[in-house]
Amino acid sequence: MALALQTKGLVKKFGGLTATNDVSLTVEKGARHALIGPNGAGKTTLINLLSGVQKPTAGRILLEGDDITGLSQHARVRRGMVRTFQINQLFGDLTPLETIGLAVSERNGLGMDWWRVAGSKRALLEEISSVLERFHLADVMNERTAILPYGKQRLLEIAVAIACQPRVLLLDEPAAGVPEDERHEILASIAALPADVTVLLIEHDMDIVFSFAQKISVLVNGGLFVEGLPDDVARDPRVKAVYLGEEAHV
Amino acid sequence: MLTILFDGVAYGMLLFVLACGLSVTLGLMNLINLAHGAFAMAGGYATVVLVNNFGVPFFLSLPLAFLVAAVIGLVMERAVYVHVYRKPHLEQVLLTIGLVFMAVAGTDYIMGSTQVFAQTPEVLQGQFQFFGVGIGRYRLLIIVVCGVLAIGLQAILTKTRFGSRLRAAVDDQRVARGLGINVNAIFALTFAFGSGLAGLGGALGTEILGLDPTFPLKYMIYFLIVVTVGGTSSITGPFLASLLLGIGDVAGKYYVPKLGAFVIYTIMIVVLIWRPNGLFSRASTK
Amino acid sequence: MSSATSSILRRASDSLSARVRWHPLEIIFWIVAFAMIWLMPTRHLIMTEIAWLGLFALSLDLIVGYAGIISLGHAAFFGVGAYVAALLAKHELINEPVLALLVAGLAAMAVGFVTSFLVLRGTDLTRLMVSLGVALMLRELANQFGWLTGGADGLQGVVMQPILGLFRFDMFGHNGFVYCLVVLFVLFLVARRLANSPFGLSLVAIKNNPLRAAAIGIPVDQRLIVIYSIAAFYAGIAGALLAQTTSFASLDVFSFDRSADLLLVLIIGGTGYLYGGLIGAILFKLMQDYLSVLTPQYWPFWIGALLVAMVLIGRDRITAWNAPLRHLAAKLDWRATRRAAAAAAAAEDR
Ligand SMILES: Nc1ncnc2c1ncn2[C@@H]1O[C@H](COP(=O)(O)OP(=O)(O)OP(=O)(O)O)[C@@H](O)[C@H]1O
Ligand SMILES: [Mg+2]
């Protein structure tokens with residue numbers, strides 16, 4: 001099967017600390033792949049490397065077979081790989097409408113268009129409205145993002161990424177901080193993604209992980225620890241030991 | 001040649017004492033203080049007034065200049081700067097430019113706009129030859145004083161309890177607060193101490209840099225370069241940056257008088273292209 | 001398409017186009033500005049200054065208010081524009097002022113483009129250092145190359161030819177004022193268009209959160225280079241207007257005070273909505289007119305005091321002076337009122 005994403009011997013060091021330790025990960029096209037691991041295992045760091053926020057100390061990253069290790073963040077987005085953030089990274093002064101509108105017009109190559117009024121193309125407007133509707137943001141689309149309730153902000157965080165129409169989507173704890181009863185909106189939107197979109201999901205909530213994933217990779221101390229089908233991973237004594245060990249500390 | 005090197009070192013060390021307070025406050029509070037030069041000017045005028053008008057001995061006036069600037073710094077920190085620590089850099093820039101303008105015009109009003117000097121004692125005047133190198137006595141004093149200060153600072157930072165608290169606060173304020181360190185008090189003390197050092201530098205510098213009300217404006221770019229090139233993670237960085245700048249500036253003005261003023265800008269540009277995060281920033285020291 | 005979606009689409013389209021619609025107050029602003037040509041002919045000299053200062057501040061707003069780049073040396077581009085315009089006229093290279101104006105703006109833009117690469121690097125602090133350093137360096141260059149620039153004495157003996165070959169720069173500044181006002185208006189229209197375009201939106205996004213901007217595919221550096229160069233062009237035009245209307249350029253065009261005053265001008269008026277620079281320029285000049293008569297030498301003290309006060313009291317609270325104005329604006333915008341009424345009616349229908 002074709003690979004959407006592949007890393008080869010990826011290493012990231014922060015001074016003396018090795019946050020990513022020789023990670024060789026493969027994610028198949030159209031996969032529903034979960035990445036789990038205790039706090040501080042290096043999950044977010046791995047996403048940062050994949051998305052180009054940080055440069056790896058060593059190793060290579062391949063997107064659909066092409067080496068993208070040296071590409072900038074925006075170039076990776078243009079090649080179809082988009083991420084979300086564990087901690088919301090939004091545009092406080094813009095409204096959800098403007099935020100989504102911006103993502104959509106950038107994807108359509110209008111970013112340097114300085115003459116046309118934002119949102120004057122019908123096709124783009126349709127796309128923008130449909131994203132707003134799907135993520136239940138239509139009622140607040142003209143509010144400043146900074147004053148939205150957290151739940152809405154979290155929805156917007158995911159919505160912006162999806163508005164970029166990724167072929168590979170990296171989700172860093174999408175439901176983080178969202179109360180139990182509001183999670184379904186986020187989870188439903190992820191479940192509704194087209195089947196050919198590859199999704200790499202980081203999540204601590206095992207219910208979410210096991211209901212979503214077809215394959216699970218476990219990251220511990222920066223290195224890939226165990227990989228396999230959900231049932232196998234769930235049964236693996238080593239994984240249990242890691243998680244139990246962690247709980248014992250707490 | 002060696003004389004120029006000597007002068008450059010003296011100049012650089014002076015810059016270090018003037019600017020190191022700025023680099024610590026920047027690292028500690030993430031505060032951009034463009035008015036730092038105003039504290040140096042306060043120290044300079046303190047010395048001039050004490051020596052020329054009240055007959056205070058020059059050597060005694062130096063610690064007094066330190067005190068004057070430190071006290072002003074402490075008052076300003078509590079009264080004004082505390083309000084902008086958490087504000088965006090634009091606000092800090094606006095505020096501190098405002099302070100510079102007020103200091104410049106205010107000093108002009110009180111002290112007049114002409115350049116002033118403190119009368120230096122005889123021992124400090126003239127040069128002597130040392131293995132064929134012309135050594136200015138005054139510059140020698142600067143090197144000694146500033147050298148001692150630099151070593152002292154390094155010792156305070158690495159050896160004392162205050163130093164370790166300070167470093168903890170620079171590294172991670174929240175954690176430091178959690179450990180029961182009184183970060184606010186450290187802020188205030190550090191700010192006052194840094195201002196005091198600037199004041200001392202200003203006092204020492206009247207002879208070399210000249211002193212008039214526009215001092216804080218004239219040397220703003222030097223301070224900025226020292227801090228950006230040197231980084232804020234240690235005091236070695238600003239120290240080396242100051243030396244580089246001092247020697248470069250003196251040598252430039254001597255060898256190519258017409259283009260001498262461009263040396264510092266060239267240094268600035270080269271460093272930026274070569275090491276965007278500063279010569280000695282943490283990231284580059286692995 | 002479901003009716004819910006189409007109603008969302010209509011609202012989205014409405015809100016987006018509302019951004020560019022001309023507000024009645026804006027129309028009044030410009031009518032008043034142009035009426036000044038006939039209303040107060042004796043004050044045209046100071047109004048000329050307001051016009052180029054407003055343009056200069058508008059240019060700073062593009063980088064500070066939209067892109068979030070703090071500059072301590074915006075006078076660099078102003079100065080380049082001024083010297084180029086003056087030199088072109090003095091050596092009779094380009095005699096027609098409008099064309100010379102354009103060339104001066106482009107020259108400043110070129111300097112802006114080259115230095116933008118330095119400004120992009122690093123943090124706010126580095127940006128402050130670079131912008132300040134570039135302005136100082138250009139000033140020093142102008143000082144050293146006295147044979148070309150007249151050094152500290154300034155560039156004298158500049159004779160301006162008539163605008164478009166038709167309108168002479170008269171000594172009362174009538175034509176000069178009209179000229180500056182028209183240039184300001186045209187460039188304002190362009191800036192307004194730009195600010196409301198996807199490009200303008202992407203700048204605000206970068207200012208808000210460069211990390212996320214890159215993560216949705218915005219090439220952050222490229223956008224900043226473009227806006228920095230455009231702002232330099234605007235500043236260069238402002239400087240050239242000064243040189244053309246006064247037939248003079250001196251080292252003072254590069255001075256730090258000019259850059260710092262400019263920050264104040266923009267801050268008084270407010271950042272990020274384009275009119276801030278223009279309103280700030282009016283207030284600043286009026287203030288200068290008044291205060292500098294009282295204490296000419298200590299004028300900087302009051303500038304400083306004002307800056308300090310604005311920051312300490314809080315800019316939000318100070319720019320609240322225009323709250324009644326905004327209230328009036330909302331009332332005046334009859335289309336908005338009508339739309340609101342229509343929306344309410346539609347809601348009742350459901
Ligand atoms: N910029 C950085 N500089 C230094 N150390 C860092 C940096 N970013 C992360 N680290 C360290 O790298 C390690 C991995 O962090 P990372 O955020 O990737 O973990 P994570 O698996 O995402 O944890 P969590 O589940 O809490 O989100 C941690 O020890 C962290 O302190
Ligand atoms: Mg994480």
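The values are calculated or read from the model by the stated rules, or taken from the named source; none is laboratory data. Every value quoted in this text rests on a predicted model; they were computed, and no experiment measured them. We place every Cβ from the backbone using ideal geometry, glycine too, and count neighbours over all the protein chains shown. With ligands, DNA and RNA removed, areas are computed over all heavy atoms of the protein, side chains included. Shrake-Rupley method; radii C 1.70, N 1.55, O 1.52, S 1.80 Å.
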| message | Go through segment A:31-57 and report how many residues are near ligand 1 (Cβ under 6 Å from one of its atoms), more than 14 Å from every other protein chain (Cβ to nearest Cβ) and in contact (Cβ under 8 Å) with a residue 40 or more places away in the chain. | response | 6
| request: Inspect all residues belonging to segment C:143-151 and state whether any of them is open to solvent by 50 Å² or more (accessible area, probe 1.4 Å), free of Cβ contacts under 8 Å to residues at least 24 places away in the same chain and assigned to a helix (DSSP H, G or I). | output: yes
| note | With criteria (1) modelled with pLDDT under 95; (2) open to solvent by less than 20 Å² (accessible area, probe 1.4 Å), B:Phe39 comes up short on (1)
| said: Here are the criteria: (1) surrounded by fewer than 21 Cβ atoms within 10 Å (Cβ to Cβ); (2) part of a helix (DSSP H, G or I); (3) away from chain C (no Cβ under 14 Å); (4) away from ligand 1 (no atom under 16 Å from the Cβ). Tell me which single one A:Asp196 does not satisfy. | reply: (2)
| Scan of segment A:86-100 for residues that are at the interface with another protein chain (Cβ under 7 Å from one of its Cβ atoms) and open to solvent by 10 Å² or more (accessible area, probe 1.4 Å), ordered by number | A:Gln89, A:Leu90, A:Gly92, A:Asp93, A:Glu98
| Picking from C:Ile268, C:Ile279, C:Ile237, which residue would you name as being more than 12 Å from chain B (Cβ to nearest Cβ) and buried (at least 24 other Cβ atoms within 10 Å of the Cβ)? | C:Ile237
| remark: Counting only residues in segment B:115-139 that are open to solvent by 80 Å² or more (accessible area, probe 1.4 Å) and in a loop (DSSP other than H, G, I, E, B), the one farthest from B:Phe59 (Cα to Cα) is identified as B:Phe131
| note | If we ask which residues in segment C:168-203 are out of contact with any Gly (no Cβ under 9 Å at 6 or more places or on another chain) and not in a helix (DSSP H, G or I), their number turns out to be 6
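Per-residue answers, yes or no, for (1) assigned to a helix (DSSP H, G or I); (2) within 14 Å of chain B (Cβ to nearest Cβ); (3) modelled with pLDDT of 90 or more:
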position	(1), (2), (3)
C:Leu72	no, yes, yes
C:Gly79	yes, no, yes
C:Ile94	no, no, no
C:Leu106	yes, no, yes
C:Gly122	no, yes, no
| field | Residue match in segment A:160-173 (condition: within 30 Å of A:Ala58 (Cα to Cα) and among the acidic types (Asp, Glu)) | value | yes
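Here's the yes/no breakdown for (1) of a type in the set (Gly, Ala, Ser); (2) at pLDDT below 95; (3) assigned to a helix (DSSP H, G or I); (4) away from ligand 2 (no atom under 16 Å from the Cβ):
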site	(1), (2), (3), (4)
A:Met1	no, yes, no, yes
A:Ala4	yes, yes, no, yes
A:Gly30	yes, yes, no, yes
A:Asn39	no, yes, no, no
A:Leu49	no, no, yes, no
A:Val82	no, no, no, yes
A:Ile87	no, yes, no, no
A:Leu90	no, no, no, yes
A:Ala103	yes, yes, yes, yes
| note | Among (1) free of Cβ contacts under 8 Å to residues at least 12 places away in the same chain; (2) closer than 30 Å to B:Tyr45 by Cα, B:Gly178 falls short only on (2)
| task | Filter segment A:12-24 down to the residues that are within 14 Å of ligand 1 (Cβ to nearest atom) and more than 14 Å from every other protein chain (Cβ to nearest Cβ), then identify the one that is farthest from A:His74 (Cα to Cα). | result | A:Asn21
| request: Could you tell me whether B:Val100 is in contact (Cβ under 8 Å) with a residue 40 or more places away in the chain and either of a type in the set (A, V, I, L, M, F, W, C) or buried (at least 24 other Cβ atoms within 10 Å of the Cβ) (or both)? | output: yes
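Every residue, every condition in (1) within 16 Å of ligand 2 (Cβ to nearest atom); (2) open to solvent by 60 Å² or more (accessible area, probe 1.4 Å); (3) free of Cβ contacts under 8 Å to residues at least 12 places away in the same chain; (4) more than 14 Å from chain C (Cβ to nearest Cβ), yes or no:
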site: A:Glu143; (1), (2), (3), (4): no, yes, no, no
site: A:Gly151; (1), (2), (3), (4): no, no, no, yes
site: A:Leu155; (1), (2), (3), (4): no, no, no, yes
site: A:Val160; (1), (2), (3), (4): no, no, no, no
site: A:Ala163; (1), (2), (3), (4): no, no, no, no
site: A:Arg167; (1), (2), (3), (4): no, yes, no, no
site: A:Leu170; (1), (2), (3), (4): yes, no, no, no
site: A:Val178; (1), (2), (3), (4): yes, no, no, yes
site: A:Ser189; (1), (2), (3), (4): no, no, no, yes
| Close pairs from segment B:103-114: first in a loop (DSSP other than H, G, I, E, B), partner not β-branched (Val, Ile, Thr), Cβ under 9 Å, at least 6 apart | B:Gly112/B:Asp212; B:Gly112/B:Pro213; B:Ser113/B:Asp212; B:Ser113/B:Pro213; B:Ser113/C:Gln297; B:Thr114/B:Asp212
| query | Quick check: is even one residue across segment B:140-160 outside any helix (DSSP H, G or I), within 14 Å of another protein chain (Cβ to nearest Cβ) and open to solvent by 40 Å² or more (accessible area, probe 1.4 Å)? | reply | no
